[in-house]
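Report on one structure; see the data block that follows.
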Amino acid sequence: MKRFLELVKDCLGEVREIMPWDLAQRLAENPQLLIVDVREPDEFATMHIAGSLNVPRGILESACEWDYEETVPELVAAREREVVAVCRSGYRSVLAANAMRLLGYRDVASLQTGLRGWKDFDQPLVDGAGAPIDPERADRYFTPRLRPEQRRPHDG
C-alpha cells in the first residue's frame, strides 16, 4: 500500500516543477501561459492567482477531453500551451501535472510549494470576486489546522 506522498514522489521523476519566482517570470514572458488551479471550488473562491482556471483534481482527466459533462474547452485546447498546475502546497498539482502529461499536454509543470509558496514570495492572490487578498488573511488561511481525528493514531 502506498501513501499519498509516495504517490507524489513516484510522479516527480516525470513532472517538471517550477518555483514561484519562475512562475512570476514565465507569466511576464508568456501571456498565453495557463494556470490550472486543481483545488476544490470553495478553496479557489477563497483565494487564487488572478486569471487562473479552476479545474478540481477530481474531474481533471475528463475536463481535459471533449464529450464529457466536465469538459473545459479552454483546457482541452491548451495541449500545446505552456500550462502550470497549482494547488495549496504543491502535492496535488504534481499528480495533476503527471495526469496532464500522460494525456498529451506538451509543456506542463507543477508549482512547487503551491500557493503557500506563491504567497510567501509576496505574489498577489485574489478572492472569488477578484478582490485582492490581504497578506495577513492569506497567512491565516495557509496555517495548517488539523483536527485531532485527522492525526495519525498513536500505537499504544
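The values are calculated or read from the model by the stated rules, or taken from the named source; none is laboratory data. Computed from a predicted structure; not experimentally measured. Here Cβ is always computed from backbone atoms with ideal geometry, including for glycine, and neighbour counts include all displayed protein chains. Surface areas here come from the heavy atoms of the whole protein model, side chains and all, with no ligands, DNA or RNA. Shrake-Rupley method; radii C 1.70, N 1.55, O 1.52, S 1.80 Å.
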- Query: Which whole-number value in Å² is the accessible area per residue of the chain, probe 1.4 Å?
  - Reply: 58
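Against the 2.2 N^0.38 Å scaling, with N counting residues, where does segment 86-142 land? I'd like the Cα-based Rg ratio to two decimal places. Don't skip to the answer; put the middle values down first.
Details: Rg = 13.3 Å, N = 57, 2.2 N^0.38 = 10.2 Å.
Dividing the Cα Rg of segment 86-142 by 2.2 N^0.38 Å gives 1.30.
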- Task: Sort 91-103, 12-24, 64-76 for me by packing, meaning the mean count of neighbouring Cβ atoms within 10 Å per residue, highest on top.
- Result: 91-103, 12-24, 64-76
- Which percent of the accessible heavy-atom area of segment 72-152 goes to carbon and sulfur, probe 1.4 angstrom? 52
- Message: Which order do the peptides 108-118, 144-154, 125-135 come out in when sorted by mean C-beta neighbours inside 10 angstrom, highest first?
- Response: 108-118, 125-135, 144-154
- Query: Can you give the helix-only mean residue ellipticity at 222 nm for the chain, where every DSSP H stretch with n ≥ 4 adds -39500 (n - 2.57) and the sum goes over all residues, rounded to the nearest 500 deg cm²/dmol?
  - Reply: -9500 deg cm²/dmol
